[in-house]
Structure formats: C-alpha cells, structure tokens
C-alpha cells in the first residue's frame, strides 16, 4: 500500500467511523489475520498506526 492509498483509507475510516475508526480498523486487521491474509493484516495495521498518530496529534497537551 503506497502512502497516498494509506492516507485515503485513513481519511475514509475517520469519516465513516469517527471516534471508533481505530477500533473498527483493529477488528479488520484481526479479521485479515484470521483469514490468513497477511498482506491485508499488515495494511490494516498501518491504517491503525496512522489513525493513532492523528488522534495523538489532535489531543491537547496535558497541563
């Protein structure tokens, strides 16, 4: 998965699932692994990592 595709997938997951985007993505990763689709598993893990990064940057700093 190239970076443009990754960003498109992340944007779509956030738009569709909002605050649940990470959870939904993690479930999709687990489903890929259960089906033996290692490439799909890695792709969804990259999506999870990108969503986590976006969420971390969006949080206000702790006082």
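Rg and Dmax over the alpha-carbon atoms of the chain stand at 12.3, 44 Å. The distance between label points at residue 20 and residue 7 comes to 2.8 nm (points 7 Å beyond Cα on the Cα→Cβ vector).
Pairing the Cα long axis of helix 3-17 with the longest principal axis of the chain, what angle in degrees results, from 0 to 90 and rounded to the nearest 10? Rounded to the nearest ten degrees, it is 70. Against the chain, whose longest principal axis is taken from its Cα atoms, helix 21-34 shows a tilt of about 20°. Among 13, 1, 32, the order by Cβ neighbours within 10 angstrom, fewest to most, reads 1, 32, 13.
Computed from the coordinates by the stated procedures, all read-outs in this text should not be read as laboratory data. As the structure is a prediction and not an experimental result, all values here were calculated from the model. Methodologically, a virtual Cβ is constructed for each residue, glycine included, from the backbone with ideal geometry; neighbour enumeration extends over all protein chains shown.
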